[in-house]
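Note sheet for the following structure.
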Amino acid sequence: MIKLQINGQERNWDGDPDLSLLWFLRDEAGLTGTKYGCGQALCGACTVIVDKQAVRACITSVSDVVGRQVTTIEGLHPTGDHAVQKAWRQLNVPQCGYCQVGQIMQAAALLIENPKPTHDQIREAMAGNICRCGCYQRIENAVHLASTGV
Amino acid sequence: MNIITNPKTLRGFERYVKVDNVSRRSILKGLGLAGGFVLAAPVMSRPALAAYKTGADKMPHGTVVDPRVFVAIAPDGIVTIVAHRAEMGTGVRTSLPMIVAEEMEADWSRVKVQQAHGDEAKFGNQDTDGSRSTRHYLMPMRQIGASARTMLEGAAAKRWGVPATEVKAVNHEVVHSASGRRIGFGDLAADAAKESVPSVEGLRLKDPKDFRYLGKGQISMVDLRDITVGTARYGADVRLPGMKYAVIARPPVTGGKVASFDGAAAMKVSGVEKVMEVKGWPWPSKFQPLGGVAVIARNTGAAIKGRDALTIVWDDGPNGKYESAAYRAELEEAARKPGLVVRKEGDVEAALKGADRVIVGEYYLPHLAHVAMEPPVAVADVKGDKAEIWAPVQSAGGTREDVAKTLGIPQENVTVNVTLLGGGFGRKSKCDYAIEAALLSKELGAPVKVQWTREDDVRNGFLHTVSVERIEAGLDKSGKVTAWRHRSVAPSIASTFAAGAKHQAPFELGMGLVDMPFEIANVQCENPEAAAHTRIGWFRAVSNIPRAFAVQSMAAEIAHATKRDQKDMLLELIGSPRILKLDSVKDLWNYGEPYESYPIDTARLRKVVELVADKGGWGRSVPKGHGLGIAAHRSFVSYIATIVEVAVDDKGKLTVPRVDTAIDCGTYVNPERIQSQIEGAAIMGMSLVKHGEITFKDGKVQQGNYDDFPVIRIDESPAVTNVYIVPPAPDTPPSGVGEPGVPPFAPALINAIFAATGKRIRTLPIGKQLEA
Ligand code: FES
Ligand code: FES
């Protein structure tokens, strides 16, 4: 039996310990905010925060996160009003929205590590997250807004 | 002039309303509330009130103009408006209800949007494609809103015993200004429901100068908050009790099938419950599934692992030799010989012979995959002769028809619930994945989710065609272009519907080939044959991509050859402001629109070129290694021009410091979403220029994921994209926005690269061509 800490709650898993965290979250735990986009750490749609770092859930197995704190979009902020989430809404970032949870989690992790990133640092840190709709200009500006308030 | 610069200026609009995305049964319940408009409305078709005509009524099931179908008012005043088109990022699920709210004077903060299930007899056409939603529904939605408003006003007038002409709906209430009396919409709902629906002819539409929402860009997408908190529901997010998870191994070659398979190892994978062969249809079969071997499991991860453990022997069928390099050579050969003439003015042969010089360009664009971030996925629950589907589909009505036909049950027994789409780009116009889920659910007697992996999406989709566009331009001594011959060779989307289709269909020829707008005395367009060897489908902007690439590159090639400025040359080629007469074109598609309302108007094309040149600083001096390129193209009856500034370093690495795009899309609804569509189109355009290429070997797609089919990431995206929207002249009909941004981007960038480096790129993607 594997015990996991997800969004501050304990979750048990007695199936395949190699199951990826992505499919555990989505299909077994019902936390569908985290998305599948590539399954190979190429797109960032599945990004969650483990302890304080952005992690691709698709290539992380459930057994990898035993004893760690997993935060998904559902647990990022109690009312959905994290500075990144607010900035995203203020600048109307999303188009289809499918990549945006991963983008927001990546941005939130970036701001833990570097509260005042430059535009170049934002572009570098967000480069693992694909948006096929092409919202990059707004993503960059929204991360900047979340970090500076302007 | 409505000039929008960049998103920083769009701050402060954190308005949204909560959205319900519920099944048909709940819609019935919701709209059946006491006091709501009554249901079971007779279907009325839209008569002519519009100052302009669109092709809307020629679409399957046309339009439905009836407030009782689209609007419900609850006693608490909440107005529910139905969105009958699919949301894939264009904002249509917000824009269309917003039009209704505008006309009925509803207060947007008290509006809820409800997604329609697939039912075209009830809602009218639901195919969300062809950049048609606003174009076809601006007027019908205004009429629906105006009808609802008239009914509310009528009910209030009766209650007060005053003539209806003395009352007026204002911001969610009806006011009688003579007496100062006012009643909220909620209090009027029950009475309004008893009013007869007014005739469309007699409706009074709002004066556009009184618009509060339309054209303002101050309302955010209704899904915005849900998207940012992770509760927005896409196809893959649907979960039903007892639902099984399935992935399918499909034939790697189009037209192939399973010869034999062994599922024993897959069955040993933890969580796998069943391995079974699934039915496929012989190619071509429109949108029917390819068939293969399905692995059913308790979660998607187990199903994928199980599929990896399958052993399958495939029978590859007739396309097992499809190979991209050889096919390109075939297309080039075809383009160098005469083909079916599809437009002819003057005598191009003689004019080319008599020309002082002839410039020839042959432009190649490979297959492309859509790779929407959300791969195809669908949930189905089939019980007896009833089926319910939850899926991200662009065509809810079409999905309903196809599922019903495949299962052999009446359409009335199929409910298609449309989730949000995690991108569509034309891929999700084809509902094969929903049919797969329905077939599996029927077989298993349980709800099933079929999840496509990214590799499935890349390898088993409906690709953008592959094309050679060959243009010969004949110039006289003064450098004036006197002859233009354009041959376009590409397998047609028609080949997905009918075996052996080798010529492009009118809708493909009409995307930048026969509607070429240059003023040249001798023009001939030809379409030599090309056979398809894989499933070809619509990809955002479709044939406009290779056509604009070829035509607009050639314009710049001529400019260079005659030592003229790109923009001046482009304007000279477009020629005088005029309405094109294309008498020699037998079947001018014109995006399905009547030519009287949507003619090809070179004045509008000239105007976007001039606007973008002005605002985008055409001719400004740029640093060494930088270059500016320009291109303009009419598609989806909108006019767009783009300037790209590129920087190419000494290793051939390119970056884009700035993009400027001007769009004339007629009367528009939501400039903020137009801007986001154009920003996104630049990224998609840049992806196909820099990276996009699907190749075949032994009939199989050689790519599989974002590593070998890369798309633009944020660190290579343009530093800034500026968008300029042409304010419409009064009564200009609305035109497309979702697709037209893509076609001019590639040639603008290619022309910029030439300006920066002197290298002329005629084969996309660029790949390593700048490194040499
Ligand atoms: S799904 Fe994990 S990075 Fe793409
Ligand atoms: S918003 Fe659609 S993929 Fe990013």
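The values are calculated or read from the model by the stated rules, or taken from the named source; none is laboratory data. These numbers were taken from a predicted model, which means no experiment stands behind them. As a convention, Cβ positions derive from the backbone with ideal geometry for all residues, glycine included, and neighbour counts pool all protein chains shown. These area figures cover heavy atoms from the full protein model, side chains too; ligands, DNA and RNA do not enter into them. Shrake-Rupley method; radii C 1.70, N 1.55, O 1.52, S 1.80 Å.
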Condition broken by A:Gly37, with the remaining ones in (1) over 16 Å from the mean Cα position of the chain (by Cα); (2) facing chain B (nearest Cβ under 7 Å) satisfied: (1)
Filter result for A:Cys43 (at the interface with another protein chain (Cβ under 7 Å from one of its Cβ atoms), touching a residue at least 60 places away in the same chain (Cβ under 8 Å) and within 27 Å of B:Trp452 (Cβ to Cβ)): yes
Residues of the range B:403-435 that turn out to be in a helix (DSSP H, G or I), open to solvent by less than 10 Å² (accessible area, probe 1.4 Å) and away from ligand 2 (no atom under 16 Å from the Cβ), as a count: 6
Any hit, the range B:718-739, residues being within 14 Å of another protein chain (Cβ to nearest Cβ) and farther than 19 Å from B:Arg673 by Cα: yes
Where B:Tyr706 falls short, out of the listed (1) within 16 Å of ligand 1 (Cβ to nearest atom); (2) hydroxyl-bearing (Ser, Thr, Tyr); (3) open to solvent by 10 Å² or more (accessible area, probe 1.4 Å): (3)
Number of the condition not met by B:Ile712 [criteria: (1) part of a helix (DSSP H, G or I); (2) within 9 Å of chain A (Cβ to nearest Cβ)]: (1)
Segments classed as strands (runs of 3 or more DSSP E), wholly inside the range B:106-199, with at least 3 members that are outside the structural domain of B:Thr63 (by TED's automatic domain parsing), modelled with pLDDT under 95 and more than 26 Å from the chain's Cα centre (by Cα): none
Of all residues making up the range B:589-608, the number that are under 20 Å from B:Glu345 (Cα atoms), of a type outside the set (D, E, K, R) and open to solvent by less than 50 Å² (accessible area, probe 1.4 Å): 4
Cross-chain or 6+ apart pairs with Cβ under 8 Å, the range B:352-374 first and within 12 Å of chain A (Cβ to nearest Cβ), then crowded, with 19+ Cβ neighbours inside 10 Å and among the hydroxyl-bearing types (Ser, Thr, Tyr): B:Val371/B:Tyr706; B:Ala372/A:Tyr98; B:Met373/A:Tyr98; B:Glu374/A:Tyr98; B:Glu374/B:Tyr234
Residue among B:Val65, B:Val100 that is at pLDDT 95 or above, aliphatic (A, V, I, L, M) and crowded, with 23+ Cβ neighbours inside 10 Å: B:Val100
Qualifying residue in the range A:106-118 (condition: within 16 Å of ligand 2 (Cβ to nearest atom), facing chain B (nearest Cβ under 7 Å) and more than 17 Å from A:Leu42 (Cβ to Cβ)): no
Flag for B:Ser676 being within 14 Å of chain A (Cβ to nearest Cβ), open to solvent by less than 10 Å² (accessible area, probe 1.4 Å) and among the hydroxyl-bearing types (Ser, Thr, Tyr): yes
B:Ala531, sole failed condition from (1) outside any loop (DSSP other than H, G, I, E, B); (2) open to solvent by 10 Å² or more (accessible area, probe 1.4 Å); (3) in contact (Cβ under 8 Å) with a residue 40 or more places away in the chain: (1)
Where B:Lys209 falls short, out of the listed (1) basic (Lys, Arg); (2) under 29 Å from A:Ser61 (Cβ atoms); (3) part of a helix (DSSP H, G or I): (2)
Enumeration of residues in the range A:55-89 that are among the small types (Gly, Ala, Ser), without any contact (Cβ under 8 Å) to a residue 60 or more places away in the chain and under 23 Å from A:Asn114 (Cα atoms): A:Ala57, A:Gly80, A:Ala87
Qualifying position, being in the same structural domain as B:Ala434 (by TED's automatic domain parsing) and modelled with pLDDT under 95, among B:Lys274, B:Lys279: B:Lys279
Extreme residue, nearest to ligand 1 (Cβ to nearest atom), among residues of the range A:14-27 that are open to solvent by 10 Å² or more (accessible area, probe 1.4 Å) and more than 7 Å from every other protein chain (Cβ to nearest Cβ): A:Asp18
Scan of the range B:204-235 for residues that are of a type outside the set (A, V, I, L, M, F, W, C), at the interface with chain A (Cβ under 10 Å from one of its Cβ atoms) and out of contact with any Ser or Thr (no Cβ under 7 Å at 6 or more places or on another chain), ordered by number: B:Gly217, B:Ser220, B:Asp223, B:Arg225, B:Asp226, B:Thr228, B:Gly230, B:Thr231
Residue count, the range B:116-126 (criterion: open to solvent by less than 10 Å² (accessible area, probe 1.4 Å) and either more than 14 Å from B:Val418 (Cβ to Cβ) or of a type in the set (S, T, N, Q) (or both)): 3
Residue match in the range B:366-383 (condition: exposed (fewer than 14 other Cβ atoms within 10 Å of the Cβ) and of a type in the set (A, V, I, L, M, F, W, C)): no
Among the candidates B:Glu345, B:Glu332, B:Glu349, B:Glu323, residue that is among the acidic types (Asp, Glu), open to solvent by less than 70 Å² (accessible area, probe 1.4 Å) and over 26 Å from B:Ala531 (Cβ atoms): B:Glu345
Filtered residues of the range A:125-144 (kept if within 14 Å of the chain's Cα centre (by Cα), at the interface with chain B (Cβ under 7 Å from one of its Cβ atoms) and open to solvent by 10 Å² or more (accessible area, probe 1.4 Å)): A:Ala127
Search result, residues across the range B:690-703 that are outside any loop (DSSP other than H, G, I, E, B) and open to solvent by 50 Å² or more (accessible area, probe 1.4 Å): B:Lys697, B:Lys700
Scope the range A:59-82; condition within 14 Å of A:Gln106 (Cβ to Cβ), more than 16 Å from ligand 2 (Cβ to nearest atom) and either of a type in the set (A, V, I, L, M, F, W, C) or touching a Pro at 6+ places or on another chain (Cβ under 6 Å) (or both); matching residues: A:Leu76
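Matching residues to (1) open to solvent by 50 Å² or more (accessible area, probe 1.4 Å); (2) closer than 21 Å to B:Leu152 by Cα:
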| site | (1), (2) |
| --- | --- |
| B:Val167 | no, yes |
| B:Val174 | no, yes |
| B:Arg182 | yes, yes |
| B:Val197 | no, yes |
| B:Arg204 | yes, yes |
| B:Asp207 | yes, yes |
| B:Leu224 | no, no |
| B:Thr228 | no, no |
| B:Ala236 | no, no |
